[in-house]
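See below for the structure under consideration.
The values are calculated or read from the model by the stated rules, or taken from the named source; none is laboratory data. Note that the structure is a prediction, hence the values are computed from the model and not measured. So basically every Cβ, Gly included, is an ideal-geometry build from the backbone, and we count neighbours across all protein chains shown.
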Amino acid sequence: MGSGIFGIGLTGLHAAQAGLATAGHNIANVNTPGYSRQVALQTASRPLYTGDGYFGQGVDLQSVRRIYGDFLVLQSRTSLSELSSLTTSSTELRGLDDLFADPTAGLSPVLDEYFAGLNGVAAHASDTPSRVAALGAARALASRFATIDGELVASRRSINGRIDTIVASINGDAAEIGELNRQIALASADASTPPNDLLDRRDAAAARLAESIGIRTAIQDDGSMNVYLSSGQGLVVGDEAAGLSVRASRASPADREIGLSVGGFAPLRASDLTGGSLGGLVAFRDGALTDAQNAFGRLATTVALSMNAQHRLGLDQNGNPGGDLFSLPASTVRAWSGNTGNGALAVTIGDAGALVASDYDLRYDGAGFTLTRLSDGTASTFASLPQTVDGFQIAQVSGAMVAGDRYRIEPVRAAAGGLAVALTDPARLAAASPVIGASAGANRGGATLAAIANDASYWSTPLAAPMTLSFASGTATLSGFPAVAVSVTVGGVTTPYPPAAPVPWTDGAKVSFGGLSFTMSGTPANGDSFTLSPNVAGVGDNRNMQRLAALASANLVAGRASFAGAYGELVAGIGQAAHAADSERAAQSAVQTRIDTARDSISGVNLDEEAAALQRYQQAYQASAKVIQVAASLFETILAIGRG
């Protein structure tokens with residue numbers, strides 16, 4: 001600006017005008033998310049030296065800059081990502097807790113009703129209405145298993161759909177950051193004043209991105225912002241956005257697999273996707289949701305197999321051996337979509353009590369197999385199949401494997417959804433036991449054969465006719481056993497005896513042979529005899545139903561918990577996780593509030609301050625205009641002198 005009072009007035013007018021525009025811009029954006037307050041920076045112009053000294057030349061407008069705290073913005077972005085992840089986890093876990101802990105729609109009520117139905121048959125074994133009620137309770141139990149599992153499957157389906165939506169949002173934000181990088185680099189190269197609004201828009205896009213997924217950022221020399229996933233993969237570099245892609249999982253096609261769109265599809269691990277709503281969803285899907293499905297499926301499997309095993313030991317009202325009470329779907333085995341071999345596997349559950357609530361990953365390297373339990377990472381290796389692990393057997397049923405082939409094994413995850421009652425005829429409920437014991441009427445002692453039971457091997461050689469066992473006091477032994485091996489267990493110590501050999505009578509001893517067992521009770525007299533007979537009709541006998549009902553309190557799930565106890569552990573575990581997530585979310589929300597408050601105190605627009613600034617700049621504008629007016633008046637005076 002030229003020297004003199006007129007030029008000085010013009011510089012003041014320009015500076016005041018810039019201040020008014022900046023304050024007005026701040027006021028206009030008071031409600032714009034992520035907007036940073038701007039100020040017009042002024043400095044005194046370089047003075048002019050004359051013989052009388054230095055005289056000021058007015059004011060220079062240096063630039064318009066935003067009031068911005070780098071550290072607080074980075075803190076806010078990181079905190080927001082963590083809060084979004086925790087909020088997602090908290091919401092999903094709370095929904096899971098509501099599903100399992102519901103006192104009406106949960107499993108506990110129908111489990112109680114089922115065992116009440118079995119006890120009803122045990123009390124009235126010949127009563128058809130009791131049998132009908134028991135089958136109805138069994139169907140209600142299977143239906144509740146399926147209903148709850150259906151909710152879990154629907155939750156997984158919803159999460160996978162939301163993953164698609166979030167990835168699309170991430171790609172949109174990444175592309176916007178790339179475009180803003182281009183504009184910012186151009187603007188920064190052409191002017192000394194930073195493109196404040198573009199920078200704010202980029203920060204807002206980065207905040208939205210952090211809300212979706214955990215990121216790290218780095219500002220480059222040209223002003224562009226590079227964005228990396230928390231594990232280091234580049235998402236935005238300069239004005240190029242790599243973006244994310246989703247596809248059906250190679251291990252489980254119903255799930256969505258996430259990868260970087262770099263030269264095709266580069267799969268990302270769950271550890272690469274921490275933070276943000278996407279990280280929270282993936283962690284919940286692959287963690288708590290999968291764990292719940294497997295624990296619930298293991299419970300359904302144990303209920304079905306335990307009930308079936310006991311039911312097969314009994315006799316129905318028609319005198320036939322009991323069949324399966326429940327049916328289960330086959331365990332799931334999937335070949336990875338990228339396998340080059342065509343080997344097919346099958347999984348068979350043999351020991352329900354040894355089952356672990358987990359999925360498994362099986363890899364073949366050309367020389368052997370590595371099986372990894374995904375719930376805890378435990379790995380086992382073996383050279384060939386079949387192999388039995390954690391209560392189930394893996395067998396190759398067809399085809400050939402090639403090195404690098406992988407398989408996802410889900411022994412129990414689908415069990416609850418496919419559980420069904422195998423019986424329709426109430427008469428087919430096997431309430432009776434196949435063998436009846438009796439003491440001879442002429443016995444003089446006080447002994448009996450108690451706790452007569454059978455196992456599955458009994459049906460290979462069942463009793464065809466009554467068998468009589470006699471006691472001889474001279475040798476204190478019981479004789480008359482068939483030509484099969486006999487064992488006697490006393491105090492936990494089992495002693496084997498040759499086929500048909502007499503065995504010593506010991507009160508409380510358990511005698512086992514040919515799939516049968518009984519307990520010696522009391523003291524017999526010489527010549528006392530006892531008869532074991534096939535239970536031809538089974539009408540009115542409730543012993544097997546009593547044993548079925550007694551399974552309610554048996555520790556059959558993982559060998560340490562009852563059915564109700566295992567379900568209670570599942571509910572308690574989910575409830576504790578939900579409570580912990582709620583607490584962490586609340587704590588992180590408080591942290592986020594403090595950070596946002598600190599940021600707003602620095603960068604936020606204060607309307608009172610801006611109103612005062614408007615008044616101040618208005619006065620400066622008016623005063624500068626007055627300076628120009630005075631300069632013009634003086635100039636007119638000089639012209640008038642010249643004309644005179």
Taking residue 534, is it more than 18 Å from residue 445 (Cα to Cα), without any contact (Cβ under 8 Å) to a residue 40 or more places away in the chain and surrounded by fewer than 19 Cβ atoms within 10 Å (Cβ to Cβ)? no
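Taking the conditions exactly as written (of a type in the set (Val, Ile, Thr), surrounded by fewer than 19 Cβ atoms within 10 Å (Cβ to Cβ) and either modelled with pLDDT of 95 or more or within 18 Å of residue 356 (Cα to Cα) (or both)), does residue 402 satisfy them or not? Lay out the reasoning, then the answer.
Working: of a type in the set (Val, Ile, Thr): yes; surrounded by fewer than 19 Cβ atoms within 10 Å (Cβ to Cβ): yes; either modelled with pLDDT of 95 or more or within 18 Å of residue 356 (Cα to Cα) (or both): yes.
Yes: the conditions hold for residue 402.
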Which condition does residue 360 not pass, out of (1) surrounded by 17 or more Cβ atoms within 10 Å (Cβ to Cβ); (2) out of contact with any Pro (no Cβ under 8 Å at 6 or more places or on another chain); (3) not assigned by TED's automatic domain parsing to the domain that holds residue 256, if it passes all the others? (2)
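Only one of these is surrounded by 15 or more Cβ atoms within 10 Å (Cβ to Cβ), on the phi < 0 side of the Ramachandran plot and part of a loop (DSSP other than H, G, I, E, B): 17, 57. Name it.
Checking each option against the conditions leaves just 57.
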Check 290, 370, 302 and return the single one that is touching a residue at least 12 places away in the same chain (Cβ under 8 Å), surrounded by fewer than 23 Cβ atoms within 10 Å (Cβ to Cβ) and not small (Gly, Ala, Ser). 290
Out of (1) of a type outside the set (Phe, Trp, Tyr); (2) crowded, with 18+ Cβ neighbours inside 10 Å; (3) in contact with a Pro (Cβ under 9 Å, 6 or more places away or on another chain), the one residue 558 does not meet is (3)
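Mind checking whether some residue in the stretch 213-227 is assigned to a helix (DSSP H, G or I), buried (at least 19 other Cβ atoms within 10 Å of the Cβ) and either in contact (Cβ under 8 Å) with a residue 40 or more places away in the chain or not assigned by TED's automatic domain parsing to the domain that holds residue 268 (or both)?
Initially, the stretch 213-227 is screened for residues assigned to a helix (DSSP H, G or I), giving none.
For the stretch 213-227, residues assigned to a helix (DSSP H, G or I), buried (at least 19 other Cβ atoms within 10 Å of the Cβ) and either in contact (Cβ under 8 Å) with a residue 40 or more places away in the chain or not assigned by TED's automatic domain parsing to the domain that holds residue 268 (or both): absent.
From 161, 120, 172, 150, grab the single residue that is part of a helix (DSSP H, G or I) and buried (at least 18 other Cβ atoms within 10 Å of the Cβ).
Working: 161 fails: buried (at least 18 other Cβ atoms within 10 Å of the Cβ); 172 fails: buried (at least 18 other Cβ atoms within 10 Å of the Cβ); 150 fails: buried (at least 18 other Cβ atoms within 10 Å of the Cβ).
One residue alone meets the criteria, 120.
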Suppose we filter 468, 495, 523 for residues that are more than 19 Å from residue 441 (Cα to Cα) and modelled with pLDDT of 95 or more; which single one remains? 495
Pick from the stretch 498-516 the residues that are closer than 12 Å to residue 484 by Cβ and in a loop (DSSP other than H, G, I, E, B): which of them is nearest to the chain's Cα centre (by Cα)? 515
Reported set for the stretch 444-474 where residues are surrounded by fewer than 17 Cβ atoms within 10 Å (Cβ to Cβ), in a loop (DSSP other than H, G, I, E, B) and touching a strand residue (DSSP E or B) at 6+ places or on another chain (Cβ under 8 Å) is 445, 455, 462, 464, 465, 466
